[in-house]
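Okay, so here's the structure we're looking at.
Nothing in this text is a laboratory measurement; each read-out follows from the coordinates by a stated rule. Everything numeric here is computed off the predicted structure, so don't read it as measured data. Ideal geometry is used to build each Cβ from the backbone, glycine not excepted, and the neighbour counts take in all protein chains shown.
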Amino acid sequence: MADKQTVAVLGAGGTMGLPIARNLARSGHDVRAWNRTPEKSQPLSDHGAYIAEAPADAAAGADVLLTMLADADAVIEATEAAVAEGTRDSDGVIWLQMSTIGERGTARCIDLAAESALAFLDAPVLGTKKPAHEGELVIMASGPRELEARLGSIFDAIAARTMWVGDAGAGTKLKIATASWILAVVEGSAETFALAESLSIDPRLVLDAVRGGPLDMAYLQMKGHAIIERDFEPSFKLALAAKDAALVEESAERHELALPLISTIRRRLEEGVPEHGDEDFSATFLTSARS
């Protein structure tokens with residue numbers, strides 16, 4: 001392919017990182033994959049990816065550093081290790097930061113990119129396990145628009161749509177706003193079904209009542225059926241949803257907004273993490289439901 005890139009994927013064994021790396025490899029890019037738990041990224045070797053032992057190993061010779069890790073500290077730690085030893089000359093290397101790490105975390109990344117002579121793109125994604133596997137994510141890109149030409153084939157491999165929303169940091173702000181809505185939808189749905197069950201109402205009737213009308217949405221139907229069937233196979237883990245809720249609350253406080261709903265949701269999600277953190281976000285239902 002004419003625009004083939006060498007992409008170091010840091011966090012290539014996670015729910016999002018693994019399918020992203022696989023789709024990049026399948027599309028013809030050279031993928032150098034690193035994950036803190038190496039065996040989780042091992043399946044990528046079947047698609048021609050190089051499995052690196054350390055971030056610096058992954059970054060050696062890379063055109064693009066792609067980070068998809070759990071939080072800001074993990075992103076900073078891995079990238080610092082990569083640029084300290086792996087990119088001997090970082091001039092011209094693009095850091096494609098796709099993790100959800102909030103405003104403060106993104107500001108730290110912008111500073112690190114400047115110190116390391118990396119071109120920085122803040123590009124969190126909208127989507128969970130299934131769209132990640134299918135290459136159907138939505139990318140909220142922010143940063144130098146001139147990077148679009150170099151990154152086009154990468155975005156085409158992993159996303160259905162790319163939005164360009166402004167200077168670096170704007171993508172994270174948009175992700176925070178959309179996360180607030182998603183958190184409210186799922187927690188609200190979980191509590192609705194817990195209430196229905198406590199009233200001895202079949203929760204399927206709730207889904208039937210709103211089906212096809214202005215109150216219906218595909219996400220409600222999908223999560224509703226998962227809750228009813230007690231199918232909490234993780235598409236997006238509850239622990240990560242709680243982390244996102246804390247990032248939304250952090251932004252509200254940063255901008256002096258009183259948002260009591262998100263604060264309540266954050267507390268409720270955190271209550272469920274010790275027992276259900278590795279299950280799907282919709283397992284927040286189990287915190288409200290009667291045993």
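Structural remarks
- Exposure proxy ranking for 264, 192, based on other Cβ atoms within 10 angstrom of each Cβ and starting from the fewest, stands as 264, 192.
- Put a dot 7 Å past the Cα of residue 107, heading toward its Cβ, do the same for residue 267, and the two dots end up 2.7 nm apart.
- Considering only the range 1-86, percent of DSSP beta bridges that pair antiparallel, nearest 5: 0 percent
- Residue of 170, 78, 258 that the Gaussian network model of the chain assigns the largest fluctuation, springs spanning Cα pairs under 10 Å: 258
- At least 27 Å along the helix axis (C-alpha) and Kyte average at least -1.0, DSSP helices within the chain: 170-198
- Gain on full stretching of the segment that runs from residue 145 to residue 222 - 0.36 nm per residue minus C-alpha separation: 24.1 nm
- Considering only beta bridges that DSSP places wholly inside the chain, some 15 percent are antiparallel.
- Extension gain, residue 200 to residue 138, is 18.4 nm, computed as 0.36 nm per intervening residue step minus the present C-alpha separation.
- The range 193-274: GluC sites (Glu not before Pro) in DSSP loop, at most 11 other beta carbons within 10 Å: 229, 256
- Shown here for the range 32-130: GluC sites (Glu not before Pro) in loop regions (DSSP other than H, G, I, E, B) with at most 16 other Cβ atoms within 10 Å, namely 53.
- Burial ordering of 24, 207, 10, fewest other beta-carbon atoms within 10 Å first: 207, 24, 10
- In the elastic network of the chain, a GNM with C-alpha springs shorter than 10 Å, the most mobile of 111, 156, 278 is 111.
- Point-to-point label distance, residue 177-residue 26, nm (Cα→Cβ direction, 7 Å offset): 3.2 nm
- Cα centroid of the range 40-72 to Cα centroid of the range 158-204, whole Å: 29 Å
- Note on residue 250 and residue 117: with the Förster distance fixed at 45 Å, the Cβ-Cβ geometry gives a FRET efficiency of about 0.95.
- Stretching the chain fully between residue 77 and residue 46 yields a gain of 8.4 nm (0.36 nm per residue, less the alpha carbon separation).
- By the count of neighbouring beta-carbon atoms within 10 Å, fewest first, 238, 199, 112 end up ordered 199, 112, 238.
- The chain - percent relative contact order, Cα under 8 Å, separation 6 or more: 14 percent
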